[in-house]
1. Go through Gly198, Ser145, Gly184 and say which Cα lies farthest out towards the positive end of the charge dipole of region 130-233; charges sit on Cβ, +1 for Lys and Arg, -1 for Asp and Glu.
2. Would you mind checking Lys147/Lys167; Lys147/Lys233; Lys165/Lys233 for any pair whose Cα atoms are more than 22 angstrom apart?
3. Which residues does a label at Glu229 reach in region 137-166, if reach means a backbone N under 13 Å from a point 7 Å past the Cα toward the Cβ?
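Rule-based calculations on the coordinates, nothing more; no lab input. From a predicted model like this one, the values you see are computed outputs, not experimental measurements. Here the Cβ positions follow ideal geometry from the backbone for every residue, glycine too, while neighbour counts run over all protein chains shown.
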Amino acid sequence: MKKWFVLFLTIFLTLSFFGCSPDPVVPDENEQTIETDENLQIEQVETEKQTSVEKETTNGENENAKQEQVEKSVQEKSDKTKERTVEISEQENEKEQTSSEADESKNESTSASEGENPEQTEKSTEPQDTVTITIVGLDGPIIPSTKVNINSDDTVLSVTIRLLKEKGIQYEYSGKGATAYVHGIDNLYEMDEGPLSGWLYKRNGTIVSRSAGAEPVQNGDLIEWFYTEDYTKY
């Protein structure tokens, strides 16, 4: 009996030592969740710090780039201003040179003029030869007495046409020299007032029968054109 009791006690102690060890410690889920949240918060803070550092770096780079751009723009403006200043200076130098050359040319011209023949100077100051022309229509003067400069080869017709052009008055003639004939002045034509009507002219108060294109003029002549309804009366 004692043998069985000892054997039973031995088996019980053996089983208690090897098979009935204390339960393993199971980690608390709440503690694990808290640790995870803390780790996440730490990672988030580090991420935010890193992002902030990157933003500061980027802002610094942008500010540096802007500063460089501003400095570059200022430098370009300064270079353009210098170039413009150089151009203006060159233009002023050219103007001064041109003015100096013009003054020299003027002085040379003045010197040459002073050295001209006195006879030529006297000729240039002589009064121009002139004639006085009057043109009268049916209703009165078309051109009142007007002085016209003449040349040595002028005729009554040539000086009359020159005056009409200067005054802008309409005229019409045909032929030249001895065959020249005036048909109308200021839209008043031959035969407008009958078959014997037309234009005649006087030189120094005398009616001239030949063509005005063949009648020479002299300094001081008085030339009068007039319209008549019957040229046979003259």
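1. Ser145
2. Numbers: Lys147/Lys167 13 Å; Lys147/Lys233 29 Å; Lys165/Lys233 30 Å.
Long pairs (Cα-Cα over 22 Å): Lys147/Lys233; Lys165/Lys233.
3. Label zone hits: 138-139.
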